[in-house]
1. Along the Cα→Cβ direction, 7 angstrom out, place labels at THR52 and GLU88. What is the inter-label distance in nm?
2. Summing Lys, Arg as +1 and Asp, Glu as -1, what charge do residues with Cβ under 14 Å from the Cβ of GLU183 carry, GLU183 excluded?
3. If one computes P(r) from the Cα atoms of the chain, what percent of pairs lie at distances over 25 Å?
4. For the chain, what is the mean residue ellipticity at 222 nm derived from helices alone (per DSSP H run of n ≥ 4: -39500 (n - 2.57); sum divided by total residues; nearest 500 deg cm²/dmol)?
5. Within a Cβ distance under 11 Å of TYR51, other residues only, what is the Lys/Arg minus Asp/Glu net charge?
6. For region 124-205, give the percent of accessible area contributed by carbon and sulfur heavy atoms, probe 1.4 Å, rounded to a whole number.
7. Applying the Karplus parametrisation 6.51 cos²θ - 1.76 cosθ + 1.60 with θ = phi - 60° to the phi angles of region 75-86, what ³J(HN,Hα) value in whole Hz is obtained for each residue in order, glycine and proline being reported as x?
8. With labels modelled as points extended 7 Å from the Cα through the Cβ direction, what inter-label distance (nm, one decimal) is found for ARG203 paired with GLU177?
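The values are calculated or read from the model by the stated rules, or taken from the named source; none is laboratory data. Treat the numbers as computed from the prediction; the structure is a model and nothing was measured. FYI the Cβ positions are ideal-geometry reconstructions off the backbone, even for glycines, and counts take in every protein chain you see. The area values use the complete protein model at the heavy-atom level, side chains included, leaving out ligands, DNA and RNA. Shrake-Rupley method; radii C 1.70, N 1.55, O 1.52, S 1.80 Å.
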Amino acid sequence: RTNGVVSTRFAIYKNELARRLVPDFPNASLSAMAYQNFQMPPEGTALDPHYTVILCDHGRCYRHALDDPACPANQWFRTLFEAWAGTENPRGIFNYYDCFAAQDEKGAGILAVPLDDIVAADIRYMHRLGHSLWSLSTMPPDGDYRYANGRYNIPQVTDYWRANMHMHYIQAKLAWEPGLDVEALRRDLDEKFYGPAADAMNRYY
């Protein structure tokens, strides 16, 4: 434990699990989150290469892409991603693009957050570093959100996907081919979804 960071302790624990599991289940899919106070790679030991590491970038700046040198707030995250790029583990990211204050009963309404270009830059940065897994969770519009006393069964949640579908479409496409043109993808979605209204909706967006 160093200054509250427990990455090494976490890796020792995960390695012991792998030591016991892999001989009996050689094809098991193992994953380990780099999260909270164990985001950085461990020191003095290596995480078993059977693990896919899922990097969590909670607390980052979303106004700028991760690799934007003009953003000092994201420097720590660049250090994080580049440190893990030097390990043998397959790795990827669990994103938080959908975590906004409006997703509760006191929210400001349905938020359309134009993060298309940020998402594209982040995917390309991950690709350059050799990170091979990309994930982004979102609330499906046909989901059942009656739990928690109906707290999440509100338009701010159920319509979030519709308000930000460009971002979801673009990240899905770029996850397979990072070099695709973002503006072309936006137009492709508009034409498929809005038909004759594509030009008007593109200007509105």
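1. With each label placed 7 Å out from Cα toward Cβ, I get 1.9 nm.
2. Details: positive: LYS173, ARG186, ARG187, ARG203; negative: ASP116, ASP117, ASP181, ASP188, ASP190, GLU191, ASP199.
Taking every other residue near GLU183 into account, the sum is -3.
3. On the way: 10244 of 20910 pairs.
It works out to 49 percent of all Cα pairs.
4. Details: 8 runs with 78 residues, N = 205.
Rounded to the nearest 500, it is -11000 deg cm²/dmol.
5. Details: positive: LYS14, ARG91; negative: ASP48, GLU88.
With Lys, Arg at +1 and Asp, Glu at -1, the net is 0.
6. On region 124-205, the fraction of accessible area on carbon and sulfur atoms equals 54 percent.
7. Calculated HN-Hα couplings, in order: 4, 4, 6, 4, 4, 4, 5, 6, 5, 5, 5, x Hz.
8. With each label placed 7 Å out from Cα toward Cβ, I get 3.0 nm.
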